[in-house]
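To start, the structure itself, in structure tokens.
No lab work stands behind these numbers, since they all come straight from the coordinates. These numbers were taken from a predicted model, which means no experiment stands behind them. A quick note on method: Cβ atoms are made from the backbone with ideal geometry, for glycine too, and the neighbour counts reach across all protein chains shown.
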Amino acid sequence: MSLDDDIAFFEQVPTFAVLGKQALRILAIGAETRQLPSGAVLFYAGELADGGYVVQEGSLLLEPNSPPEGEQFTAGPGTLVGERALLSDTVCASTAIAKEPTVVIRISRSLFRKMLEGYPAAAQKLRELVAERVDGWTRELGDVKRTLEKR
């Protein structure tokens, strides 16, 4: 894919869509493409994470560390896996296994942070997006609390 194709692809990723073309250009230039055969493990639950991955082709099966913590999830094209690792130190919450031949684009935390430092408007838009998500989760938790209190 060309640089312009990569930027257009990143624009389809919800978290990245708010950043703007110039910020996405930096990510596209510094990103690393990895090809995984079917059954290959991209990362294991509990490992330190130092960046995120966008599924470009194929799909990843995300298996939580232990089943009671969550259910399996399939991440297809356009899905950002490891979003939190782009901003802070964290460990992988699940093991990621290629369900089929899969291509992912890896974005390191250091690249993502440098992009945010260079594009403060993108950083502000990302902060607003995260704040909207937190507000939504807070409302959802309030709904759950009210439902449980009725019982």
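Remarks
- Low-density loop cleavage sites - GluC sites (Glu not before Pro) in the range 50-151, where at most 12 other Cβ are within 10 Å (DSSP): GLU71
- Set of lysines with alpha-carbon distance to LYS21 below 16 Å, sequence-local pairs under 8 removed: LYS114, LYS125
- Of GLY46, GLY58, GLY136, the one that fluctuates the most in a GNM where the chain has Cα springs shorter than 10 Å: GLY136
- 20 Å Cα-Cα reach of LYS145 towards lysines, excluding residues that sit fewer than 8 places from it in its own chain: none
- Altogether, the Stokes-Einstein calculation at 25 °C and 0.890 mPa s, with the Kirkwood radius of the range 1-125 over Cα pairs as Rh, returns a diffusion coefficient of 167 µm²/s.
- Residues in the range 43-52 carry Karplus couplings, in order, of 7, 10, 4, x, 6, 5, 10, 10, x, x Hz; the curve used is 6.51 cos²θ - 1.76 cosθ + 1.60 with θ = phi - 60°, and Gly or Pro positions show x.
- Label-point separation, ALA40 to LEU87 (7 Å along Cα→Cβ), nm: 3.0
- Kirkwood hydrodynamic radius over Cα pairs of the range 92-151, then Stokes diffusion coefficient at 25 °C and 0.890 mPa s, in µm²/s: 159
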